[in-house]
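Encoded as structure tokens, the structure appears first; notes follow it.
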Amino acid sequence: MAKTCNGGGHSVPTVNYASDEVARGFDLRGVVSKERTERLVRLITSLAEKPTKLLDIGCGTGRFSIPLAVSLEGCTVVGADSSEVMLSEARQKPCADRVAWLIEDISAQSFADGTFDVVFISDLLHHLDCPVDALRECQRILRPGGWLISKYGALEHIVNDPEHKFFEGTIEVDSIRTPTTDEMVDWLASAGFTNIDSKTEKERTRHSGNHRLEAAKAKSISVLHLIKGNHFQEGLERLAAHVDAHPDDEWLLVDPTTFTWAQKPTQ
């Protein structure tokens, strides 16, 4: 049975997203290319057709908020995050004025019922003790018939990526907090959503093997903040050796990204 609260109600390991260190490394999480943006826009418009208001909740430094605001003609995009440090980074980027930036807690949002056509969540729910509560709040602010889209690395896929292969302790941490695709579906159903579906895409997220190594050094993937210091250093050495031997290895350049979407009932 899927967890309605991560860890069966126990607190999940947390990262301080209000810190300057985390904010500086956030954009190294992966390249948001034109191709990735177009793929996401196609998914959004296939569900909502012509959305007029979209919320990117937990937007961080606006990695997706800004490209979506530029690409979705006639749609107001709101980028919301609980970290002012993250939003300060976002506001300095080109085209940042296309987005309305707000401080918000996903589990206690200030928006009125039925405000948005689409709510987009990227790699956020695994940080929460009770993701279903957050999803219920997202459902509240969606209009009837509106859509939630969750983008994440499903546990069954990320255990095979370089960070989880080279850094000891990462699988143990993420086994506690990260959902499988089936668990994400169950979370959404528990929150009252319907018409739930998923797909997993292989997306190029890195320019090169060295790009992935630099991202790991910056701990751009949150789990790297949560393992022991000696495991982090040993993992960096193993990753660096692999990059040196295989700089163009596709395994270093491509990540499986899972999208799960669900609809707020019309009645």
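Taking region 49-76, which residues are in contact with a Leu (Cβ under 9 Å, 6 or more places away or on another chain), of a type in the set (Val, Ile, Thr) and farther than 15 Å from residue 151 by Cβ?
Listed by number, the residues that qualify are 61, 76.
Can you name the condition, by its number, that residue 3 falls short on among (1) assigned to a loop (DSSP other than H, G, I, E, B); (2) crowded, with 19+ Cβ neighbours inside 10 Å; (3) at pLDDT 95 or above?
Of (1) assigned to a loop (DSSP other than H, G, I, E, B); (2) crowded, with 19+ Cβ neighbours inside 10 Å; (3) at pLDDT 95 or above, only one is false for residue 3: (3).
May I ask you to say which residue of 255, 197 is crowded, with 20+ Cβ neighbours inside 10 Å and not in a helix (DSSP H, G or I)? Even if it seems obvious, please write down each step before you answer.
Values: 197 fails: crowded, with 20+ Cβ neighbours inside 10 Å.
Just a single option satisfies the conditions, and that option is 255.
Only one residue in 97, 117, 129 is buried (at least 16 other Cβ atoms within 10 Å of the Cβ) and outside any loop (DSSP other than H, G, I, E, B). Which one?
Working: 97 fails: buried (at least 16 other Cβ atoms within 10 Å of the Cβ); 129 fails: outside any loop (DSSP other than H, G, I, E, B).
Matching residue, one of 97, 117, 129: 117.
Exactly one condition in (1) over 18 Å from the mean Cα position of the chain (by Cα); (2) surrounded by 16 or more Cβ atoms within 10 Å (Cβ to Cβ) is not met by residue 245; state its number.
The number of the failed condition is (2).
Identify, by number, the condition in (1) farther than 28 Å from residue 118 by Cβ; (2) assigned to a helix (DSSP H, G or I) that residue 207 doesn't meet.
Of (1) farther than 28 Å from residue 118 by Cβ; (2) assigned to a helix (DSSP H, G or I), only one is false for residue 207: (2).
Residue-by-condition table, conditions (1) assigned to a helix (DSSP H, G or I); (2) at pLDDT below 95; (3) of a type outside the set (Gly, Ala, Ser):
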position	(1), (2), (3)
138	yes, no, yes
143	no, no, yes
147	no, no, yes
150	no, no, no
156	yes, no, yes
165	yes, no, yes
184	yes, no, yes
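Would you please name the residue that is surrounded by the most Cβ atoms within 10 Å (Cβ to Cβ), looking only at residues in region 44-77 that are under 15 Å from the mean Cα position of the chain (by Cα) and either among the charged types (D, E, K, R) or on the phi > 0 side of the Ramachandran plot (or both)?
The selected residue is 62.
One line per residue, one yes/no per condition, for (1) modelled with pLDDT of 95 or more; (2) outside any helix (DSSP H, G or I):
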position	(1), (2)
28	no, no
36	yes, no
41	yes, no
44	yes, no
47	yes, no
56	yes, yes
59	yes, yes
62	yes, yes
66	yes, no
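The values are calculated or read from the model by the stated rules, or taken from the named source; none is laboratory data. Given the structure is predicted, the values throughout are model-derived calculations rather than measurements. When we count neighbours, we look across all protein chains shown, and the Cβ atoms used for this are built from the backbone with ideal geometry, even at glycine.
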